[in-house]
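Values in this text are rule-based calculations from the coordinates and carry no lab data. As the structure is a prediction and not an experimental result, all values here were calculated from the model. Because the Cβ atoms are built from the backbone with ideal geometry, glycine has one as well, and the counts that use them run over all protein chains shown.
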């Protein structure tokens, strides 16, 4: 089955803007970042693929939820300078995993239920890429971290929240 990434990304964006009041802005995001957020807005680079866009919209929505319901989550979203102490990795992975679970719930809420394995694979690659970067400082090629058959994610119910603007993460972890 082929996932219609562009169609799904458009549906997610429409839902974010209409039902959550979270604008999605497409603009130039300085390399190597591909997306940014401030707690009330999601920005994505104009040069990404529809597949990247779909993942980023779900993933950055998950971080938006975290930033609005858990005060300490905002601190975890800051960029760490490599090499990062490996003792921080379990907390970083939990943070990233929770964002993914909220993102998956968003997809399900709008009827996108045929992309679960893809979203799990993308999430696993994203986490492996991030940990590699934190260990080495090497940004590498994202595609080298892709593996099929990642464990499926369990959607996490999205709590009610009102998006609140903080600051953009131009120096954040969305690499």
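Relative contact order, percent, of region 1-57 when contacts are C-alpha pairs under 8 Å separated by at least 6 residues?
37
Counting helices only, and only those DSSP H runs with n ≥ 4, report the 222 nm mean residue ellipticity of the chain as the sum of -39,500 (n - 2.57) divided by its residues, in deg cm²/dmol to the nearest 500.
-16000 deg cm²/dmol
Once you have a ≥ b ≥ c as the square roots of the Cα gyration tensor eigenvalues for region 75-175, tell me rounded if a/c is under 1.5, and otherwise prolate or oblate according to whether a/b is larger than b/c.
Judged from the Cα gyration tensor, region 75-175 comes out oblate (a/c at least 1.5, b/c at or above a/b).
Which distance in nm do the two modelled labels at residue 110 and residue 141 give, with both placed 7 Å along the Cα-to-Cβ direction?
For residue 110 paired with residue 141, the spin-label model returns 3.2 nm.
Between residue 69 and residue 117, what length comes free when the chain is fully extended (0.36 nm per residue of separation minus the Cα-Cα distance, one decimal in nm)?
Extra length from residue 69 to residue 117 when fully extended: 14.6 nm.
Just the number, please: percent antiparallel of the DSSP beta bridges in the chain, rounded to the nearest 5.
Roughly 50 percent of the DSSP beta bridges within the chain come out antiparallel.
When the chain is fully extended, how far beyond the present Cα-Cα distance does residue 81 get from residue 7, taking 0.36 nm per residue of separation?
Gain in length upon complete extension: 23.0 nm.
Fewest Cβ neighbours within 10 Å first, please rank 63, 15, 108 accordingly.
108, 15, 63
Could you tell me how far the Cα centroid of region 94-168 sits from the Cα centroid of region 1-39, in Å?
14
Among (1) 16.1; (2) 10.4; (3) 9.3, only one was calculated for this model; which label is it, if the read-out is mean projected area of the Cα convex hull in nm²?
Working out mean projected area of the Cα convex hull in nm² from the coordinates points to (3).
Sort 57, 152, 33, 107 so that the residue with the fewest other Cβ atoms within 10 Å of its own Cβ comes first and the one with the most comes last.
In increasing order of surrounding Cβ atoms, one gets 152, 33, 107, 57.
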